[in-house]
Amino acid sequence: MMSDKSMIEDYTPDEFEAVLNAFIEREIEDAPMDDFFAALAEIDRRRRQEVIQVQGQIIQGQLVFSLPRFAPPTVAVEGNQIILDRIHRIVVTLEPTTSS
Amino acid sequence: MWGRDWVIVLEVFDLLGESYVQDESRKHSFSTVYREQIEHPFADGYIARLLDSEEDLEHIAPRLSGAVARQIDPRLRRAGLYDPAQLITLYLLAYCYYSWDIFARGYQFEVSIFRDLTESGIAYIAHDIRRRAGRLSRSDVVVMGYEGDIKTSPYFLQTTRTKALTHDFYITRLYDRRRRKRVRVALLSERFWREIDGDTIATTIEEATNVFPRVAQIPFADGRLIVIGYEAWKARLLARQEGE
């Protein structure tokens, strides 16, 4: 059933309850195959374009990374390490500058 | 919906999970409210009844899941977290309904796959879904030493949006519009595919739908995924296991 109401606040409490009941009782919904692969392609495309700003600070002589608040969970940091996909660890160390 | 719309819906759901309601004592994120008020008290009982039932899952699961869903509203009201006059709590209520629905249908699907693998004579190790600790295990199922995950298609997309695909195989279910039927699909890592072997058709992610039910090889992230019908995957597995 199509509804002309687009926001939750458009519904009266009784209507909202009816929507939730219809939601519970609906048949299983699987993603249509073409939509599924289109969404997967979109996810892949976004991942490839994503730039994650990692910040570094020197704390007591040690390099310590931090991530922005909404960084994807596929990226983590631990001290001077950046962990990708919970598998790959990039360890960054600072070399002392050599005077010429 | 188009691919981009799906992804936007999934983003909205994740954002809702980070939203919060506040009472006198503290802030409660939607995802925490859902876990504490709905999933923790009801999940074990729901799954135990699914596993112990000999009824058709398509019949019993909606009944069991619906019985829990009907407790969401009164439970949140009693906890002082739902008041129809407070708009934000309407969103919380909807979030809890949706989250429970994803959870309940996900385990219904998982149990149906376990039953089917058993009936098909596939040797596998399933994680213990009766307890939360087991449900949080790294993988849902292990076949021939390869770790796999079983997910409904909306939940597969939801997790894939924010998590890397680190398993060797994924079992999901899609709706095939052309054939007008639901189909179960396996997505395999190249590593696992090499074990069971066979020809693939290299294509783009979007075109996999046109290649199916032939076996497609699609690029994803830094590697490739093999897309194969679940029945064809099982037949190859069985042949491989019986040959061992």
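General observations
- Screening region B:221-238 for residues that are within 11 Å of another protein chain (Cβ to nearest Cβ) and more than 21 Å from the chain's Cα centre (by Cα) and picking the one that is nearest to B:Ile201 (Cα to Cα) gives B:Gly223.
- Meets criteria (in a helix (DSSP H, G or I), under 19 Å from the mean Cα position of the chain (by Cα), facing chain A (nearest Cβ under 10 Å) and aliphatic (A, V, I, L, M)) for B:Val68: yes
- Going through (1) at pLDDT below 85; (2) touching an Asp or Glu at 6+ places or on another chain (Cβ under 8 Å); (3) assigned to a helix (DSSP H, G or I) one by one, A:Pro72 falls short only on (3).
- Output for region B:166-184, where each listed residue is within 7 Å of chain A (Cβ to nearest Cβ), surrounded by fewer than 21 Cβ atoms within 10 Å (Cβ to Cβ), closer than 21 Å to B:Tyr124 by Cβ and in contact with a Lys or Arg (Cβ under 6 Å, 6 or more places away or on another chain): none
- Taken over region B:99-136, the criterion of being within 15 Å of the chain's Cα centre (by Cα), away from chain A (no Cβ under 14 Å) and of a type in the set (Lys, Arg) is satisfied by B:Arg135 alone.
- Residue check: B:Gly198 meets all listed conditions (1) among the small types (Gly, Ala, Ser); (2) touching a residue at least 24 places away in the same chain (Cβ under 8 Å); (3) within 13 Å of chain A (Cβ to nearest Cβ) but one, namely (3).
- Within region A:8-27, the presence of at least one residue that is within 30 Å of B:Lys181 (Cβ to Cβ), surrounded by fewer than 11 Cβ atoms within 10 Å (Cβ to Cβ) and modelled with pLDDT of 80 or more is confirmed.
- All positions within region B:52-73 that are over 24 Å from B:Tyr91 (Cα atoms) and surrounded by 14 or more Cβ atoms within 10 Å (Cβ to Cβ): B:Ser53, B:Leu57, B:Ile60, B:Ala61
- Listed by first and then second residue, the pairs with beta-carbon distance under 6 Å, at least 6 apart or on different chains, first residue in region B:123-135 and over 10 Å from B:Asp44 (Cβ atoms), second of a type in the set (Gly, Ala, Ser) and outside any strand (DSSP E or B), are B:His127/B:Gly134; B:His127/B:Ser137; B:Asp128/B:Gly134.
- For region A:17-62, the tally of residues that are within 7 Å of another protein chain (Cβ to nearest Cβ) and in a loop (DSSP other than H, G, I, E, B) stands at 3.
- Residue list for region B:5-31, restricted to those being at the interface with chain A (Cβ under 9 Å from one of its Cβ atoms) and surrounded by 14 or more Cβ atoms within 10 Å (Cβ to Cβ): B:Trp6, B:Val7, B:Leu10
- Among the residues making up region B:74-97, those that are surrounded by fewer than 17 Cβ atoms within 10 Å (Cβ to Cβ) and either at the interface with chain A (Cβ under 9 Å from one of its Cβ atoms) or not in a helix (DSSP H, G or I) (or both) are B:Ala79, B:Gly80, B:Asp83, B:Pro84, B:Ala85, B:Gln86, B:Leu87, B:Tyr91.
- Sub-8 Å Cβ pairs linking a first residue in region B:62-77 that is over 13 Å from B:Ser99 (Cα atoms) to a second residue that is small (Gly, Ala, Ser) and assigned to a helix (DSSP H, G or I), at least 6 apart or interchain, are B:Leu64/B:Ala104, ordered by first then second residue.
- For B:Ile102, the conditions (1) closer than 24 Å to B:Glu231 by Cα; (2) in contact (Cβ under 8 Å) with a residue 40 or more places away in the chain all hold with the exception of (1).
- Residues of region A:46-67 satisfying the condition of being surrounded by fewer than 10 Cβ atoms within 10 Å (Cβ to Cβ) and not β-branched (Val, Ile, Thr): A:Arg48, A:Gln49, A:Gln53, A:Gln57, A:Gln60, A:Gly61
The values are calculated or read from the model by the stated rules, or taken from the named source; none is laboratory data. Not measured: the values here are computed from a predicted model. With ideal geometry, Cβ positions are generated from the backbone for all residues, glycine too; neighbour counts draw on all protein chains shown.
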